[in-house]
Amino acid sequence: MAVRITESCTNCDACIDECPASAIVSASDSPLSRAEYTYVKPEKCIECVDAAVPKCADVCPTEGCIVWDLPYVAEHEDHFVGNDAYVIRVHKKLGLMSPSVSPQPWRETIGLAQRQSGVSVGEMLKLY
Ligand code: SF4
Ligand code: SF4
């Protein structure tokens, strides 16, 4: 991934149009069943590696709402596949777009320990 939107999301949807990877969808468009808030598709999130900060966290008005998740790479296949927190897209020809099939760019400056503990993107990058 990437980043993950947590339950403190207010569904303002301000982040959706800011995402350069079209990775964010509103709760009503979420692939999760009974979704209650805006969702980031981990198989599409590129962590805005070409920007100074992730666009979603930069625009989000809710402090601490968006947190770091693990990098979307083969090493973390088990974290994303078979996890109820995600629904990974199935491509017609390529099949499941898992981390090993379709790895995504990630910020190496964000450590694994911080990602595993779900540190707030905004707090870490001092966006508040
Ligand atoms: S901008 Fe923040 S509060 Fe608004 S939908 Fe996105 S994650 Fe939720
Ligand atoms: S970090 Fe960037 S690519 Fe990922 S969901 Fe946020 S805006 Fe989209």
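Between Ala52 and Glu123, the simple spin-label model (points 7 angstrom out along Cα→Cβ) gives 2.3 nm.
Here the contact order of the chain, divided by its residue count and restricted to Cα pairs under 8 Å and six or more residues apart, works out to 31 percent. May I have the convex hull volume per residue, in Å³, for the Cα set of the stretch 88-128? Hull volume normalised by residue count: 103 Å³.
Taking θ as phi - 60° and the Karplus parameters 6.51, -1.76 and 1.60, the scalar couplings of the stretch 81-91 work out to 8, x, 9, 5, 6, 9, 10, 7, 5, 9, 7 Hz in sequence order, x denoting glycine and proline. Of the GluC sites (Glu not before Pro) found in the stretch 43-79, those that fall in a DSSP loop while having at most 14 other beta-carbon atoms within 10 Å are Glu63.
Annotation note: trypsin sites (Lys or Arg not before Pro) in the stretch 16-124 located in DSSP loop regions with a Cβ neighbour count of at most 12 within 10 Å are Arg34, Lys92, Lys93.
For Ser102 and Val59, a Förster radius of 30 Å and the Cβ-Cβ distance give a FRET efficiency of 0.70, rounded to the nearest 0.05. The alpha carbon gyration tensor of the chain gives principal lengths a ≥ b ≥ c with a/c of 1.5 or higher and a/b no greater than b/c, which makes the shape oblate.
Magnitude of the charge dipole for the chain, about its Cα centre and with charges confined to Cβ atoms of Lys, Arg (+1) and Asp, Glu (-1), is about 320 debye.
Every read-out reported here was derived from the displayed coordinates using simple, explicitly stated rules and does not represent laboratory data. All of these numbers come straight from a predicted model, not from anything done at the bench. Positions of Cβ are generated from backbone atoms using ideal geometry, with glycine treated the same way; all protein chains shown enter the neighbour counts.
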